[in-house]
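This report concerns only the one structure given below.
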Amino acid sequence: MAQPPSSSILHITIITLTCHFFLLTHATKNPDFHPLLAFKIASDTSNKLTSWNITTDLCTWYGVSCLRNRVSRLVLEDLDLHGSVEPLTSLTQLRVLSLKRNSFNGPIPNLSNLTSLRLLFLSYNNFSGEFPESLTSLTRLYRLDLSHNNISGEIPVNVNSLSRLLTLRLDGNQIEGHIPNINLSNLQDFNVSGNILSGRIPELLSGFPDSSFTQNPSLCGKPLQKCKDVPALASSLVPLPSSSGSMPGNKSHGNGGPRMGTLVLITIILGDVLVLAIVSLLLYCYFWRNHSNKMEERKEAESNSKSIEGENQKMVYIGQQGLDKGNKMVFFEGAKRFELEDLLRASAEMLGKGTLGTVYKAVLDDGSVVAVKRLKEVQIGGKKEFEQRMEVLGKLRHSNIVCLKAYYFARDEKLLVFDYMVNGSLFWLLHGNRGPGRTPLDWTTRLKIASGAAKGVSFIHNHNNNLTHGNIKSTNILIDVSGNAHVADFGLSIFTTPSNRRSNGYRAPESSDGRKQSQKSDVYAFGVLLMEILTGKCPSAVDGGTEVELPKWVQSVVREEWTAEVFDLELMRYKDAEEDMVTLLQIALTCTAILPDQRPKISHVVKRIEELRDVASCHDTLDSVYDSPSLSDDATGAGGAIH
């Protein structure tokens, strides 16, 4: 085989060197490049980080994630790295830093430059020195884990400045002194066991389990053993001399002693009688009040049962018509089975009405709760068409959708049975009780709901290229007891007339002429949903007394460069999250592009929102970061409503 001429070899060499030069130039332009390279040189003597080289983009390096071309997450665990982490203090956009189970040593350096840090995990290393004061300036921290190191000194009082902290783990160190009065209202995970702490456990921390404080021999107080205090009332038990200098029992008063004893006895008897009378009166009032309350509750229950009975009788009547024709409930795999009669005699509560019909909360005899949707204003060609659609929808199972458990079909009655969601809908959480006493829906919870809803819609789209949701809106995003979003009412739009397929505020421009729903129109509706989450406004917003669709209102405000005016007033207290809000707003604007081809796929939307959350590949479960006081086991409003 002939060898290439020397000029060709030289040409190839020059091209290769030029490419390497451009790659190196591009890499070194990133301000995070040199700190990461310095960290590798100092800490990775075993060359575990083989992908960290100058010929590749640092955002593709092992353990590195970027946001807007800056390092936002660095997760390097179990890699036998050692030395100091000082070079990492220049990564000013870092949000997550996890260096668990390595061999780093020496004092923890000054991390005050990492002002964006949310999660810091340095456990199972050999860090020494005192608790670093610089950490108390990182006010965005949610998780702080310094456990199982050699940290000494005392816990600083100004750890209270970390007001967002959910996790504080200092167990397995050499920390001494007293535990300060840590007053962090959001703290969920606290552990200082295995140190040299002493004194009384502060009352604000006494609610944590004893495992949070064990292996501190000189620590006492709830939940550990009681502290051994000197009885404060001991002196009151010692007899004192009388004013005349006589001791008790002195007979110098002659007959005064016995007379005084009789008076005391009479006083005690009268006191006992009085106390008994008061107690009897209180018990009488208590039992009478309970009896009255029970009577009122019974009357109210009877009244409610009468109002519900009418609705239930209608269901029984129509259902019996179907039963006479041999129709039965059809259950999907994994669903708990019950008879139609069980459903018809269950106590029912109407949750809401939508374009497809009415939704009820039904409590069965065994105590289980389901949501039942009665389809009304629908156009169904026949039983076969209906059953085919139900078979498609019934097979869909995902943690972010409301699963169809069963259905019932008759000529005059069509019922769908779903899981019941106790925290109601996103609509209620955003718009319910906007007056005094409302608990605002916080930013992290809104972002969590947006992420879950996007994942649910993405699953529906990816399951079948032709499957669409067709009715995305805030009343169809339901929230479970853990605050997770579940997409409801999907795939039913084929049974509706074009005019009723979607609420006007969510309708894509191309759907207004009656064209068939598409996945692109779903993306438009989801963009409106994101705007609703960000603005706190309904899809048809009011601007200067005139009703205008939310996308147009948002675009007009952004066009005038008043972006901050877009956001819900309840979000204004999260000043440090404003950049993230703007990013989510940009995603929403992209979704609501006029031309369908300019809208992204929902899978791309999921990716961008997950990047925004920046917790996708953390090894720790971070969902509790996004828990909101707005979510409860007994939420007010239309719980589990599917409209």
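The values are calculated or read from the model by the stated rules, or taken from the named source; none is laboratory data. Predicted model only: the values in this text are computed from it and were never measured. Every residue, glycine among them, receives a Cβ derived from its backbone with ideal geometry; neighbour counts consider all protein chains shown.
Things to note:
- Residue-level analysis places Asn471 among those that are at negative phi, part of a loop (DSSP other than H, G, I, E, B), at pLDDT 75 or above and buried (at least 21 other Cβ atoms within 10 Å of the Cβ).
- Residue list for the range 553-599, filter: surrounded by 17 or more Cβ atoms within 10 Å (Cβ to Cβ), assigned to a loop (DSSP other than H, G, I, E, B) and more than 21 Å from the chain's Cα centre (by Cα): Thr592, Ala593, Arg599
- Pairs where the first residue, in the range 380-394, is surrounded by fewer than 15 Cβ atoms within 10 Å (Cβ to Cβ) and the second is in a helix (DSSP H, G or I), C-beta under 6 Å, 6+ apart: Ile380/Phe386; Ile380/Phe495
- Criterion: among the small types (Gly, Ala, Ser) and farther than 21 Å from Thr45 by Cα - qualifying residue of Gly83, Gly129, Gly106: Gly129
- Test for Leu88: is it closer than 15 Å to Leu114 by Cα, modelled with pLDDT of 90 or more, buried (at least 21 other Cβ atoms within 10 Å of the Cβ) and in contact with a strand residue (DSSP E or B) (Cβ under 8 Å, 6 or more places away or on another chain): yes
- Test for Ile642: is it hydrophobic (A, V, I, L, M, F, W, C), at pLDDT 50 or above and assigned to a loop (DSSP other than H, G, I, E, B): yes
- Count of the range 137-155 residues which are in contact with a Ser or Thr (Cβ under 6 Å, 6 or more places away or on another chain) and modelled with pLDDT of 90 or more: 5
- The set of residues from the range 350-359 being out of contact with any Lys or Arg (no Cβ under 7 Å at 6 or more places or on another chain) and without any contact (Cβ under 8 Å) to a residue 60 or more places away in the chain comprises just one member, Met350.
- Considering the conditions (1) modelled with pLDDT of 90 or more; (2) crowded, with 19+ Cβ neighbours inside 10 Å; (3) not aromatic (Phe, Trp, Tyr), Arg101 is excluded by exactly one of them, (2).
Per-residue answers, yes or no, for (1) touching a residue at least 24 places away in the same chain (Cβ under 8 Å); (2) of a type in the set (S, T, N, Q); (3) closer than 18 Å to Asn471 by Cβ; (4) assigned to a strand (DSSP E or B):
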site: Lys336; (1), (2), (3), (4): yes, no, no, no
site: Leu343; (1), (2), (3), (4): yes, no, no, no
site: Ala348; (1), (2), (3), (4): yes, no, no, yes
site: Gly367; (1), (2), (3), (4): no, no, no, no
site: Lys373; (1), (2), (3), (4): yes, no, yes, yes
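- Within the range 343-353, being modelled with pLDDT of 75 or more and not aliphatic (A, V, I, L, M) holds for Glu349, Gly352, Lys353.
- Ser198 vs. criteria more than 22 Å from the chain's Cα centre (by Cα), free of Cβ contacts under 8 Å to residues at least 24 places away in the same chain and assigned by TED's automatic domain parsing to the domain that holds Phe213: yes
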